[in-house]
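Have a look at the structure below before the remarks.
The values are calculated or read from the model by the stated rules, or taken from the named source; none is laboratory data. Bear in mind the structure is a predicted one, so any value in this text is a computation, not a measurement. Glycine gets a Cβ as well: all are built from the backbone with ideal geometry, and neighbour counts include every protein chain shown.
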Amino acid sequence: MPSFESRYAAYCDALDANSQRRRLLPSREPVAGQTLLADFSHNDYLGLAHDPAALEAALAAGRMHGVGATGSRLLSGNLAPHVELEAAIAAAKGTEAALVFNSGFQANASALAALLDTAALGAEPLVFSDRLNHASLHHACQLMNVRQVRYRHNDMTHLRSLLETHRSDPRPRFIVAETVFGMDGDQVNMAALTALAAEFDALLYLDEAHATGVFGETGYGLASGWMQRDGRSLGVAMGTFSKALGVAGAYVACSQAVRDYLLNRCGGFIYSTAPSPLVIGAALHHWQRLPQMAEQRTALQEKARTLRERLHILGFDTGASSTHIVPIIVGAAQTAIDLKQWLLDRGILVSAIRPPTVPPHGARIRIALSATHSTAQIDTLMAALTAWKQQAL
């Protein structure tokens with residue numbers, strides 16, 4: 001009988017046939033003898049991960065509260081920094097309350113799953129999901145054994161038609177989407193989406209991971225100001241501190257009733273040690289700073305617009321990207337791997353994204369722009385891509 005190890009090894013080996021096997025790099029730092037000229041692989045969109053003031057804020061919180069929270073929020077871990085950050089998030093997002101989590105995946109997988117609980121809702125929910133939603137959102141539905149009604153990516157007309165088809169169905173309705181899609185770099189139509197949620201009495205669950213810090217008049221995401229209509233809550237806005245804020249962790253902004261429910265039903269919150277005061281201290285510092293970073297946000301989107309134009313001139317496909325996330329869609333997984341290595345050999349670090357993270361034949365190089373990227377670094381990227389195009393002819 002084959003051993004467990006041989007079965008698992010065979011599974012991983014089978015992924016090699018489709019160039020889908022994942023491996024960790026030694027580190028993001030350059031290896032011996034290699035010079036890294038530009039890093040477009042990370043999600044530090046505003047360049048805040050190494051901010052000295054945030055480090056000091058983290059240390060100040062640590063000195064006062066310790067390096068660890070020592071327990072779950074419902075036991076020993078409910079500290080003043082958690083409460084202060086949640087109040088700041090709710091005020092910025094225009095909701096009654098908020099709740100912080102250790103990671104974005106944890107927040108989506110556990111909070112959304114709890115909201116979909118048939119026992120609490122009184123009936124199995126109808127969940128209308130964008131086809132390109134993050135894996136954590138699909139995972140939440142799988143945890144609750146909920147079948148998703150998937151609409152074509154960012155297609156509000158298709159979503160409306162599906163909602164119309166189920167208009168007479170008395171089951172509770174949910175609409176689940178991202179506001180900025182992490183692999184495609186396009187944006188949801190907030191006006192259309194919130195109008196549909198209101199018209200069809202659907203709870204809206206929005207993932208703002210890639211919009212938090214980067215979009216919105218004050219940097220608090222695309223959903224800010226949209227989560228209330230006619231005096232009632234439209235649903236939940238989730239976001240992370242691990243991308244534009246350069247720290248770690250996540251939040252959900254919601255009504256007080258939803259927060260109270262999650263305190264009693266969301267296993268990922270109830271049974272997890274609270275985030276470290278160090279992390280919360282840094283996250284709070286950056287959260288409060290976001291309204292003063294309009295210039296960086298504008299410059300970041302201008303860099304992205306210019307980069308897309310230059311890529312189009314070279315004949316590259318950037319899909320529907322309209323943000324700081326710029327995919328170069330190459331189709332075949334092996335082509336994405338080869339192009340990533342070509343760029344790395346020239347001192348440029350990027351991410352090669354392959355199925356199943358993206359649809360079949362949708363493999364791509366993902367360019368994540370940061371406010372800290374210089375014109376010279378972008379020029380270096382373009383020179384390498386031009387050389388790739390020329391050698392491929």
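Can you find a residue in region 93-103 that is within 23 Å of the chain's Cα centre (by Cα), surrounded by 22 or more Cβ atoms within 10 Å (Cβ to Cβ) and of a type in the set (S, T, N, Q)? Yes, region 93-103 has at least one match.
For T35, the conditions (1) farther than 18 Å from T273 by Cα; (2) in the same structural domain as G185 (by TED's automatic domain parsing); (3) β-branched (V, I, T) are fulfilled apart from (2).
I'd like to know if region 241-253 contains one or more residues that are at pLDDT 95 or above, assigned by TED's automatic domain parsing to the domain that holds F105 and more than 25 Å from D51 (Cα to Cα). Full working, then the answer.
Step one: list which residues in region 241-253 are at pLDDT 95 or above, which gives 241-253.
After this cut, where a residue has to be assigned by TED's automatic domain parsing to the domain that holds F105 as well, the list is 241-253.
Next, from what is left, pick out any that are more than 25 Å from D51 (Cα to Cα): 253.
The answer is yes; a qualifying residue exists.
Are there strands (runs of 3 or more DSSP E) fully within region 269-380 with at least 3 residues that are at pLDDT 95 or above and crowded, with 22+ Cβ neighbours inside 10 Å? List them.
Values: elements: 325-331, 351-353, 363-368.
Answer list for region 269-380: 325-331, 363-368.
Of all residues in region 250-268, exactly one satisfies the criterion of being within 19 Å of the chain's Cα centre (by Cα) and over 23 Å from W226 (Cβ atoms), namely G268.
In region 9-28, how many residues are exposed (fewer than 10 other Cβ atoms within 10 Å of the Cβ), modelled with pLDDT of 80 or more and among the polar types (S, T, N, Q)? Of the residues in region 9-28, 0 are exposed (fewer than 10 other Cβ atoms within 10 Å of the Cβ), modelled with pLDDT of 80 or more and among the polar types (S, T, N, Q). Of all residues in region 120-141, those that are farther than 16 Å from S103 by Cα have Cβ atoms under 9 Å from Cβ atoms of residues that are among the aromatic types (F, W, Y) and assigned to a helix (DSSP H, G or I), 6 or more apart or on another chain, in A120/Y261.
Given the residues L15, L75, which is the only one that is farther than 25 Å from Y220 by Cα and part of a loop (DSSP other than H, G, I, E, B)? Lay out the reasoning, then the answer.
Details: L15 fails: part of a loop (DSSP other than H, G, I, E, B).
When all the criteria are applied, what remains is L75.
Scanning region 66-92 for residues that are within 28 Å of S255 (Cβ to Cβ), of a type outside the set (A, V, I, L, M) and surrounded by fewer than 20 Cβ atoms within 10 Å (Cβ to Cβ) gives G71, S72, S76, G77, N78, E84.
Taking the options T179, T194, name whichever one is buried (at least 21 other Cβ atoms within 10 Å of the Cβ) and farther than 30 Å from I328 by Cα.
Details: T179 fails: farther than 30 Å from I328 by Cα.
Only one candidate passes the filter, namely T194.
Every listed requirement among (1) closer than 27 Å to C266 by Cα; (2) loosely packed, with under 14 Cβ neighbours inside 10 Å is met by T35 save one, (1).
Among the residues of this structure, G185 does not count as one that is out of contact with any Ser or Thr (no Cβ under 8 Å at 6 or more places or on another chain) and in a loop (DSSP other than H, G, I, E, B). Would you confirm whether any residue within region 339-347 is under 20 Å from the mean Cα position of the chain (by Cα) and either on the phi > 0 side of the Ramachandran plot or free of Cβ contacts under 8 Å to residues at least 60 places away in the same chain (or both)? The answer is no, given that none of the residues of region 339-347 is under 20 Å from the mean Cα position of the chain (by Cα) and either on the phi > 0 side of the Ramachandran plot or free of Cβ contacts under 8 Å to residues at least 60 places away in the same chain (or both).
Here L263 fits the description: in contact (Cβ under 8 Å) with a residue 24 or more places away in the chain, in a helix (DSSP H, G or I), of a type in the set (A, V, I, L, M) and surrounded by fewer than 20 Cβ atoms within 10 Å (Cβ to Cβ).
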